[in-house]
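One structure is given here, and the rest of the page talks about it.
The values are calculated or read from the model by the stated rules, or taken from the named source; none is laboratory data. This one's a predicted model, so the numbers in the text were calculated from it and none came from an experiment. No Cβ is skipped: glycine too gets one built from the backbone with ideal geometry, and neighbour counts run over all protein chains shown.
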Amino acid sequence: MGAFRLLVKHFFGRFFDNEIVSQTGDMRTNVVQAFGLVATPGIFVPFYMIPQRARFDHPFAHNWILLSDYYFFILFSMVVMGFVMVFEWDAIFPDRKDYLILTPLPLGGTSIFAAKTLALIAFLGIFAIDANLFCTFLAPLTTGGEGTAAPVVWRLIAIHGVSVMAAGIFVALSIASVQGVLINLLTGAGFRRVSPWVQMALMGTLIVMLFLTPLACASIRTLVERDSALLRWFPPFWFLGMYLDMLPGQPAGPRFHELAIMARQALAISAGAFAVTYLAGYHRHARRVMESVESTLGGPGRLRAGFDGLVNRRLLPHPLERATFHFISNTMLRTARQRLFLAAFGGVAVALTLPALLRVGTRPGMPILLFEAAGLLSAPLTLSFFVVSGLRAAFNFPAELRANWVFQICESEDRVLHIRAARKWIALMGIVPLFVLLTPVEIWFRGWRLAFIHLTFAIGLSLVLLNLLLVWFRKIPFTCSYFPGKTSMAVMAALYLAGFTTYSWSGADLEGRMIGSPALLIFFYAAIGAALYGLSRLEIRELGVDDALIYEDEPDPIVRSLELG
């Protein structure tokens, strides 16, 4: 095997071997699971389109349901390619290890650049084909209806393939261009500080787009008939227009033809931006990596140091609490897996909150988005549910299992202090910032009195949820192995759905009934206090039964014994 081919294979394999995809699993298993997950929607969704038919001898507006199906395929391709780029954010450019190992070898810088670029194209291409192959052949077969000539069917297949691939390529090139711009504009230290936040923002945006798909599909007809400006500001609509504009006879009309032009222009701009920023950024990144000394970002800044000192003095009296609290903070900031998990949770929270707060302006001349103050009733509950449950769930994912021996040999008898620190971290770093951000919005739209009632109501429920989720928590965050098959995903999904609907929607209904009755509000606050006291007593009782910390999450035994001996 030639040196260049071997280099391409090396870079291609590195895309599947990173801390986000897997820490301990076999790469081949990761590849099979990833391909299967990506291909599944493209296999099954077309079968739900079977009753839908479109003819090309009259305007396409007679079948808006099928148009929504086309939108899903466009968006799915964009989201998949976006996820791939976000997961491989740190692997788009070679890292320091690559340069230190490869540069002493008889390989030119051009060869390394060409091999990395070719591996990236192959990696993206394989996922683009995997996500769109089955739907490209299955979806068009249900579009033309019975009696459609074979040449038309093959043309529909080609149109579908070109449209979904173009949408996915646009997202991949755009995200790569964003990283290229950051590398070219920022210093090395600046890029390392900004890059994780950009990665999290991209992940959250993709999750929001995915979860708002039903709302977007239901709004397409209204948006088109009213010629809403949102069509020209949301990229999936551009490529939907490109899809429909290429259908035989252009049955979608002039509005989608305009969107198709925007899609082609956007694709060309993203390709040009990628070519310029990736080429310039690659050489700048290579020179910076080779000339710099590998180091961390240094100690905390003045603001962070002052905050840590204040927290240590006022909130964390015991050294074990301080150690656990700051360990959680540093792990959250420095570990990509935890960051992206929280970004995904945040994206779901925003996606479920936006329909209650914003309404799409459909009439010509209206604003694109209209704010609905009534949606503020459930928004804090929705956001706080995902903040608390998301942070609690993130504690289950290990950061570096090979280092958890440090915690085991240094374990103290005061194990409850670790759990107490985890509770304080979620409250201080999750609940407090959320309600600080919500306070001015609530005061602006509701006034001081209603804002105070509304926020204290949501804070009380947040504290109850936090204490409930930590009653049986027996881990130092990020130090226990994770066994993914131990808990049924179906059961967990059902519990999350039931918990979310009860906490957010039922809680909002309850507040709506109580907000005009001082007596009911006093009773509610008393009930919150009683619930917090009861949960604390329950936790103390459970700790008295078993307070051992867990470092190895093992599967349930095949044969259960009574353990009487």
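Here the stretch 282-313 is the region considered, the condition is being of a type outside the set (A, V, I, L, M) and at pLDDT 75 or above, and the residue that is farthest from the chain's Cα centre (by Cα) is Arg313. The lone criterion from (1) more than 30 Å from Arg193 (Cβ to Cβ); (2) modelled with pLDDT of 85 or more; (3) in contact with a Gly (Cβ under 9 Å, 6 or more places away or on another chain) left unmet by Ala252 is number (2).
Residue-by-condition table, conditions (1) surrounded by fewer than 19 Cβ atoms within 10 Å (Cβ to Cβ); (2) of a type in the set (Asp, Glu); (3) at pLDDT 85 or above:
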site: Ala451; (1), (2), (3): no, no, yes
site: Phe457; (1), (2), (3): no, no, yes
site: Gly460; (1), (2), (3): yes, no, yes
site: Trp472; (1), (2), (3): yes, no, yes
site: Pro484; (1), (2), (3): yes, no, no
site: Thr487; (1), (2), (3): yes, no, no
site: Ala494; (1), (2), (3): yes, no, no
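If I filter the stretch 475-495 for residues that are without any contact (Cβ under 8 Å) to a residue 40 or more places away in the chain, closer than 19 Å to Pro380 by Cα and assigned to a helix (DSSP H, G or I), do I get at least one hit? No, the stretch 475-495 contains no residue that is without any contact (Cβ under 8 Å) to a residue 40 or more places away in the chain, closer than 19 Å to Pro380 by Cα and assigned to a helix (DSSP H, G or I).
In the stretch 140-160 there is at least one residue matching the filter, namely being in the same structural domain as Tyr278 (by TED's automatic domain parsing), within 24 Å of Ala268 (Cα to Cα) and of a type in the set (Gly, Ala, Ser).
Look at Leu244 and say whether it is touching a strand residue (DSSP E or B) at 6+ places or on another chain (Cβ under 9 Å) and either part of a helix (DSSP H, G or I) or surrounded by fewer than 21 Cβ atoms within 10 Å (Cβ to Cβ) (or both). For Leu244, the condition - touching a strand residue (DSSP E or B) at 6+ places or on another chain (Cβ under 9 Å) and either part of a helix (DSSP H, G or I) or surrounded by fewer than 21 Cβ atoms within 10 Å (Cβ to Cβ) (or both) - is not met. The condition of being touching a His at 6+ places or on another chain (Cβ under 8 Å), part of a helix (DSSP H, G or I) and not hydroxyl-bearing (Ser, Thr, Tyr) does not hold for Leu461. Kindly check whether there is at least one residue in the stretch 428-436 that is part of a strand (DSSP E or B) and under 30 Å from Trp233 (Cβ atoms). Among the residues of the stretch 428-436, not one is part of a strand (DSSP E or B) and under 30 Å from Trp233 (Cβ atoms), which makes the answer no.
One line per residue, one yes/no per condition, for (1) in a loop (DSSP other than H, G, I, E, B); (2) more than 23 Å from the chain's Cα centre (by Cα); (3) modelled with pLDDT of 85 or more:
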| residue | (1), (2), (3) |
| --- | --- |
| Ile220 | no, yes, no |
| Phe237 | no, no, yes |
| Ile269 | no, yes, yes |
| Phe274 | no, yes, yes |
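Among the residues of the stretch 336-354, the one identified as farther than 18 Å from Pro398 by Cα and polar (S, T, N, Q) is Thr353.
Listed here are the residues, each with its yes/no results for (1) modelled with pLDDT of 75 or more; (2) among the small types (Gly, Ala, Ser); (3) over 25 Å from Phe170 (Cβ atoms).
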| position | (1), (2), (3) |
| --- | --- |
| Ser22 | no, yes, yes |
| Leu37 | yes, no, no |
| Gly42 | yes, yes, no |
| His62 | no, no, yes |
| Trp89 | yes, no, no |
| Phe127 | yes, no, no |
